[in-house]
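Single-structure report; data block below.
The values are calculated or read from the model by the stated rules, or taken from the named source; none is laboratory data. A quick note: this is a predicted structure, and the numbers were derived from the prediction, not measured. FYI the Cβ positions are ideal-geometry reconstructions off the backbone, even for glycines, and counts take in every protein chain you see. Just the protein is used for accessible areas: all its heavy atoms, side chains included, with ligands, DNA and RNA removed. Shrake-Rupley method; radii C 1.70, N 1.55, O 1.52, S 1.80 Å.
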Amino acid sequence: MPTPADRPRIEATAGVVVLYYPQAAVRDVVGAALRHVSSVAVVDNTPGGSDPDLMPDDERVTLLDRGVNLGLGEAYNRAATWALERDAAWLLILDQDSILADDYLSRMGRAIGDFRVAGGGPVAVAGPLFVNPMAPAEQVPLPWVSVTDMVISSGSLVSLSAWTRIGGFDAGLFIDYVDIDFCLRAADEGFAVVRVGEVLMSHLMGNSAENLVLGRFVRRSSNYPPTRHYYLARNSVHALRAHARHHRSWARRELVKRAKFTLLSALVEPRRPAMVRATVDGLVDGLRGRRGPDAHPSRR
C-alpha cells in the first residue's frame, strides 16, 4: 500500500497562499484550503503589505513574509521549508483566486495513491484540471490520471521529498515558468508529474476576455498587464535553453503556444504598444541571461 508520503492526507499536508494586492475573496480561498491541510502559510508579496483583516482569524494560518515582492519561486521555497519544519510531506500551492472543492484532497489523494499502486512511480507534482470562471464551458472532468509535462502551480500538490531532491523552485524566474521549470526538472530526476482529470478547480487566468480578430473571428485572450508579457517572454527563453534538449516535444509545443499567444495579444489587447515593448525587453533580457524582478519597470 502507498506510504503517507505517496498518498496526501490532511495531517501530512501544509498549504501556501501567495498574495498580491488581494481582494476580499482571498478569505474564502484560505478558508477552503484549511479544509484540506493542517496549516496554511501566507506569503504577502504586495509591496507595503495587504490589509491583515483579509485573513481569517485562525491559529492554523501563519504569515511568513509581508510587504516585499519575493516572486513566486522564493515564496514557494520559503513555504516548503516552513512545511518541512512541521513534518509535512506535501505542500498545497494556491493563488489568491483559486477555490478548492470540498472533496479536493480526498480525490487527489486517492488518484495519487492509485497511480503509485499501478506502478506509475513517485509523484513530484499532481495538479487538477482547472476551469476559468470567465469561460466555464472550456473544460470537463476526465476519468483518469495522466502523466504530463507540467501542471500550473495553483491547486497543485508538491511532494516535499521531491522538492528537496530537485533543489526547490527557481527563484530567479520570479513568476512565470516557475511551475514549468520545476515540473521539467522533476521529470529529469525520475519523478512523475500528473494531472488528475476528475478534479476541477476554479482559477482565473489574467483578465480573460473575448475579442474580435479582423472583425469576425472570436478569440479569448488573457489581457495580462505588460509586465507579465515581459516575464513570459524572458522566462520562455530561460526555460527553452534549459530544457529543449531533453524535452523536445514540450519545446516545440511551447514555441508554437508562445508565438500564438504573443500574436493574439498584439492584435487585440489594450495597451498594445506597451505589451510589445515589454515582450521585446523580455526576449532581450532572456538572451542576456537576466533574472529576478522586471529590469525595466518604468517602461510599463
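Tell me the mean residue ellipticity at 222 nm calculated for the chain from its helices only (DSSP H runs of n ≥ 4, each -39500 (n - 2.57), averaged over every residue, nearest 500). Don't skip to the answer; put the middle values down first.
Numbers: 8 runs with 110 residues, N = 300.
The per-residue figure over the chain is -12000 deg cm²/dmol.
Please give, to one decimal in nm, the separation of the simple spin-label points placed at Val276 and Arg27, each 7 Å out from Cα toward the Cβ.
In this crude spin-label approximation the distance works out to 4.5 nm.
Amide H of Val131: which non-local residues (sequence gap of 5 or more, or other chain) have their own amide H closer than 5 Å, using H built in the peptide plane?
The list, which skips near neighbours in sequence, is Met201, Ser202, His203.
Between Arg86 and Leu283, what FRET efficiency follows from the Cβ-Cβ distance if R0 is 41 Å, with the result rounded to 0.05?
On the way: r = 41 Å, r/R0 = 1.00.
For Arg86 and Leu283, the calculated efficiency is 0.50.
Just to verify a number: FRET efficiency for Leu255 and Glu198, C-beta to C-beta distance, R0 = 41 Å, to 0.05?
Efficiency, rounded to the nearest 0.05: 0.85.
In square angstrom, rounded to the nearest 10, how much accessible surface does Thr81 have for a 1.4 Å probe?
Counting only protein heavy atoms, the figure is 60 Å².
What do you get for the angle between helix 272-288 and the principal long axis of the chain? Use alpha-carbon atoms, 0 to 90 degrees, nearest ten.
70 degrees
Quick one: angle between helix 248-268 and the longest Cα principal axis of the chain, in degrees between 0 and 90, rounded to 10, please.
50 degrees
In debye, nearest 20, what is the charge dipole magnitude of segment 1-104 about its Cα centre with +1 on Lys and Arg Cβ and -1 on Asp and Glu Cβ, if you could check?
With only Lys, Arg, Asp and Glu charged at Cβ, the dipole is about 220 debye.
Taking all protein chains as present, what is the carbon and sulfur share of the accessible area of the chain, in % to the nearest whole number, probe 1.4 Å? List each step's numbers first, then the result.
Numbers: 7740 of 13990 Å².
C and S fraction of accessible area: 55 percent.
Against the longest alpha carbon principal axis of the chain, how many degrees, from 0 to 90 and to the nearest 10, is the axis of helix 178-188 turned?
Between the helix axis and the principal axis of the chain, the angle is about 60 degrees.
Put a dot 7 Å past each Cα toward the Cβ at Arg299 and Ala266; how far apart are the dots in nm?
The two pseudo-label positions are separated by 1.5 nm.
Based on the Cβ-Cβ distance of Glu189 and Leu142, what FRET efficiency does E = 1/(1 + (r/R0)^6) give at R0 = 22 Å, to the nearest 0.05? If you can, show how the numbers build up before the last one.
Values: r = 27 Å, r/R0 = 1.21.
With R0 = 22 Å, the Cβ-Cβ based efficiency is 0.25.
Leaving out ligands and nucleic acids, note down the accessible area per residue over the chain with a 1.4 angstrom probe, in whole Å². Before the final figure, lay out each step's value.
On the way: 13990 Å² over 300 residues.
Spelled out: the 1.4 Å probe surface of the chain, per residue, equals 47 Å².
Projected onto the charge dipole of the chain (+1 at Lys/Arg Cβ, -1 at Asp/Glu Cβ, origin at the Cα centre), which of Phe261, Thr81, Leu92 gives the Cα projection farthest towards the positive end?
Phe261
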